[in-house]
1. Rank 36, 174, 16 by mean-square fluctuation in a GNM of the chain with C-alpha springs under 10 angstrom and give only the top-ranked residue.
2. Place the peptides 229-242, 107-120 in order of packing, highest mean first, counting for every residue the other Cβ atoms within 10 Å and averaging per peptide.
3. Once both labels are modelled 7 Å past Cα along the beta-carbon direction, what's the residue 76-residue 169 spacing in nm?
4. Compute a Gaussian network model of the chain, connecting alpha carbons closer than 10 Å, and tell me which residue from 32, 187, 197 fluctuates the most.
5. Work out the FRET efficiency for residue 245 and residue 126 from their Cβ-Cβ distance, taking R0 = 35 Å, and round it to the nearest 0.05.
6. So, in nm, how far is label residue 44 from label residue 223 when the simple model puts each one 7 Å beyond its Cα toward the Cβ?
7. Under 17 Å from a label point 7 Å along Cα→Cβ of residue 24: give me every residue in the stretch 163-206 with its amide N that close.
8. Whole-Å semi-axes of the stretch 5-206's equivalent ellipsoid, largest first, each the root of 5 times a Cα gyration tensor eigenvalue?
C-alpha cells in the first residue's frame, strides 16, 4: 500500500493539529503538506518530524481546492488520500479503504462514517433529490453508493481525479467536493461510503484558536459565495436568483419574528 498511496493535507495556520496528526499517521506512506502561506519556518519544522513528510508552500492562501490540486498533480502514486488537519483516521481504516477501492475499479472515491470529538456519528454523505430510490436501496447496505460526501477525509484514484479536471479552482472554500463528485459521477464512476468504518472529524478546529472569529466569518462568506457559484454553474442564473430570494425572505421573516416575539429558537 505504501507505494500506491500519498496522503495530502492542506493547511493554513493549522499548527495546533497538523503536527500531532502527522505523528499518528503511518510512517511508511508519503505525506504531502500543502501549506497556504510562505512560512519557511513551518516548512522546515514539519519536514523534521519524519522522513516521509514533504511540505510545499503555495506562497499565499490560494484556497482549499486549488491547494489540493497542487498536491494531486505532485503525487506520484495511483491513489491519494485527501485529509483535513482536524480529521483523524487510523492506519487500519486506511488499509481497508484502500483494499475496497483497489478491488472495484468503478469506485473513484471512498470515505467512511464520521464521528465528532464526543464519538457521536455525524452523517456527512448525501443523496440528491432525484436519487431517493438509490438512497432507500442503499440504507441496508454496508458499502453504499452516494452522490457526494463532505471531503474532510477520502481516498481517491488520481487518474480519475485528473480525468474529471480536478477541483474547480473558482471555489475558494466549500462545495468544491460536491462539484468534483458530480463531475466524476457523470464519467460513470462511483462515490462510496463504507458504513462499517469510522474516522474522527473535529469540525472547524484546524485553525489557531486566536483566529477562530475571523475563520468563522470567512467560512460563512465563502460558503454563501460557493453556493451561488455552484447553483449558477449547474442550474442557471434564474434558478439561482429564485433560490436566494426565497432564502433571503425566510431569514428576514425569522429575524422579524425574533425582534417582535424574542424567541431565539425560531432562528435555528
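Rule-based calculations on the coordinates, nothing more; no lab input. As the structure is a prediction and not an experimental result, all values here were calculated from the model. Reconstructed Cβ throughout: ideal geometry from the backbone, glycine too, with neighbour counts over all protein chains shown.
1. Highest fluctuation of the listed residues: 16.
2. 107-120, 229-242
3. Taking the two extended label points, one gets 2.4 nm.
4. 187
5. 0.90
6. 3.9
7. Under 17 Å, as judged by backbone N against the label point of residue 24, lie 197-206 of the stretch 163-206.
8. Numbers: eigenvalues 146, 66, 51 Å².
Whole-Å semi-axes of the equivalent ellipsoid: 27, 18, 16.
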